[in-house]
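The values are calculated or read from the model by the stated rules, or taken from the named source; none is laboratory data. Remember, predicted model here, so these are calculated numbers, not experimental data. All Cβ positions, glycine included, derive from the backbone under ideal geometry; neighbour counts span all protein chains shown. Each accessible area value is taken on the protein alone, full model and side chains, heavy atoms only, with ligands, DNA and RNA left out. Shrake-Rupley method; radii C 1.70, N 1.55, O 1.52, S 1.80 Å.
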Amino acid sequence: MGTLIKNGTVVSAKDSQKLDVLISGEIIARVGSGISEAGHDVVDATGLLVMPGGIDVHTHLDMPFGGTTSADDYTTGTQAAAVGGTTMLIDFALQNQKGTLKEALDIWLKKSDNKACVDFSLHMAVTNLHGPDGAETLAEMEEMTKFGISSFKLFMAYPNVLMIDDGLMFKVMQKAAALNALCCIHAENGSAIDIVVAQMIAEGKTAPHYHALSRSVKAEAEATHRSIALADMAECAVYIVHLSNEAALAELKFMQARGARALAETCTQYLVLSIDDQMPGQSWEEAKFVFTPPLREKWNQGPLWAALKDGSLSVVSTDHCPFRFKDQKELGRSDFRKIPNGGPGVENRLQILWHFGVNSGRITPEQFVALSCTNPAKIFGMEKQKGSIAPGLDADVLLWDPKVEYTISAKTQCMNTDYNMFEGWQVKGNAAKVFSRGELVVDNLKQPGKFLGATGRGRFVKREANAGGLG
Ligand code: URP
Ligand code: ZN
Ligand code: ZN
């Protein structure tokens, strides 16, 4: 006895077809036409699209930052993801600069233990190298890949906390290349930015708006180019995270055209929000949008959408890093340096991408699936388990209603913040039902916005080292 999804249109990264999907236990058993209903629970998906559950490869749950901790833990964060149609996250474990990768892994496994509600994995942020020539940490990287962590994060920003210099970055890239692992890069020139920041503060420019002005597109473009060039030298595959603007995109495309093995994501906020919509220098409200890279001028959005369409950008993630406005963003009321960096978004990623991408004709439904799910699974070494509607894969299945209207609001969201970056926006298209490994965990038709599964049911997913699928 299984669950049979009938009368829906199955959308893959390649095509859309009227097909039935049979779930047996935690796995997709069959995909085909006219599967007999006998002995199965039938779910009528008339008018709905049947897609693989979303995969958000860039979240920060329960993460210490700037004297506080991101507001969603593994329970609220994964539940919010599920309610929005996302059934798998890749979060970040951060090495303390004085500590080991193993210590970081233990900390993040403890944070997620008995708390995660959908499946998840971890990238490991390498923030320092220990031992002669970094040998101890480099050896640990091998242990991480054996454990199923096949992507390493390198920060070119946040000096003294997370940033590593070019030499260390190059060593990590060489090791990652030897392991067939992927390096994920936060590409901003942190040293130059810190000088601009100090100059602004000295001039009394302390309001949140100056956070954005202190982190120029040039600082991002320069670091994007440098990181890809270093990776190319090290023969390492790289993935640029949260690429936010046209200048950085131009560097990515330039290096891709020269044969560098470079991929990149952008995030929902850069596609639909802009610094042009803020009130320069006047509003504390702008603290809600203090994240790095910051919001950019609106004209950058067109090139980002075009790059999603032409494939130079491969993924849309969120960089979900939530802080409450009232008591957490408040820490930087008199000094933008103290505003915790990050914004909430994991719950709304698919709504925004569908409404502004598919409904407006910028991307096709198939590209929507590719960008939000199938490409992330391939790039991050889990395509044998996640990312498609195919026999043998985990039954992470999203029934998507392309017609329903939904108003985004902090009042009704699951994310643990007192604001939403898209407050009051009306979108068309939303998750109707969500299955995670075969279990109906969200039924927005019957119990909107409620997670129906048990807390802690999410499992750690071990990922293969496949160099971002780039060979
Ligand atoms: O502002 C952001 N993006 N916070 C999270 C950490 C990062 O840089 O991704
Ligand atoms: Zn970052
Ligand atoms: Zn991030």
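Side notes on the structure shown:
- Test: residue in the stretch 326-342 that is under 13 Å from the mean Cα position of the chain (by Cα) and touching a residue at least 40 places away in the same chain (Cβ under 8 Å): yes
- Here residue 415 fulfils each of the conditions (1) touching a Pro at 6+ places or on another chain (Cβ under 6 Å); (2) open to solvent by 10 Å² or more (accessible area, probe 1.4 Å) apart from (2).
- Members of the stretch 342-365 that are crowded, with 21+ Cβ neighbours inside 10 Å and either among the basic types (Lys, Arg) or within 16 Å of ligand 2 (Cβ to nearest atom) (or both): 342, 343, 344, 345, 346, 349
- Only one of the numbered conditions (1) without any contact (Cβ under 8 Å) to a residue 24 or more places away in the chain; (2) within 16 Å of ligand 3 (Cβ to nearest atom) is violated by residue 323, and that is (1).
- Look at (1) closer than 28 Å to residue 25 by Cα; (2) surrounded by 24 or more Cβ atoms within 10 Å (Cβ to Cβ); (3) in the same structural domain as residue 312 (by TED's automatic domain parsing) and you find that residue 322 fails only one, number (1).
- Check on residue 192, of a type in the set (A, V, I, L, M), away from ligand 1 (no atom under 16 Å from the Cβ) and either in contact (Cβ under 8 Å) with a residue 40 or more places away in the chain or not assigned by TED's automatic domain parsing to the domain that holds residue 343 (or both): no
- Qualifying residue in the stretch 128-150 (condition: within 16 Å of ligand 1 (Cβ to nearest atom) and under 25 Å from residue 265 (Cα atoms)): no
- Filter result for residue 310 (within 24 Å of residue 251 (Cβ to Cβ), under 13 Å from the mean Cα position of the chain (by Cα), open to solvent by 10 Å² or more (accessible area, probe 1.4 Å) and not aromatic (Phe, Trp, Tyr)): no
- Scanning the stretch 43-65 for residues that are more than 16 Å from ligand 1 (Cβ to nearest atom), of a type in the set (Val, Ile, Thr) and open to solvent by less than 70 Å² (accessible area, probe 1.4 Å) yields a count of 3.
- Scanning the stretch 157-189 for residues that are within 16 Å of ligand 1 (Cβ to nearest atom) and farther than 29 Å from residue 383 by Cα turns up 157, 158, 159, 160, 161, 162, 163, 164, 188, 189.
- Within this structure, residue 92 fails the test of being of a type in the set (Phe, Trp, Tyr), more than 17 Å from residue 454 (Cβ to Cβ) and open to solvent by 10 Å² or more (accessible area, probe 1.4 Å).
- Selected residue (criterion: surrounded by the most Cβ atoms within 10 Å (Cβ to Cβ)) from residues of the stretch 68-81 that are more than 11 Å from residue 56 (Cβ to Cβ) and more than 15 Å from ligand 3 (Cβ to nearest atom): 79
- Residue count for the stretch 20-42, restricted to those that are surrounded by 20 or more Cβ atoms within 10 Å (Cβ to Cβ) and out of contact with any Ser or Thr (no Cβ under 6 Å at 6 or more places or on another chain): 5
- Scope the stretch 221-273; condition open to solvent by 30 Å² or more (accessible area, probe 1.4 Å), of a type in the set (Phe, Trp, Tyr) and closer than 29 Å to residue 288 by Cα; matching residues: none
- Where residue 284 falls short, out of the listed (1) among the aromatic types (Phe, Trp, Tyr); (2) in contact (Cβ under 8 Å) with a residue 60 or more places away in the chain; (3) under 26 Å from residue 160 (Cβ atoms): (3)
- Scanning the stretch 274-289 for residues that are aliphatic (A, V, I, L, M) and either surrounded by 23 or more Cβ atoms within 10 Å (Cβ to Cβ) or not assigned by TED's automatic domain parsing to the domain that holds residue 339 (or both) returns a single hit, 287.
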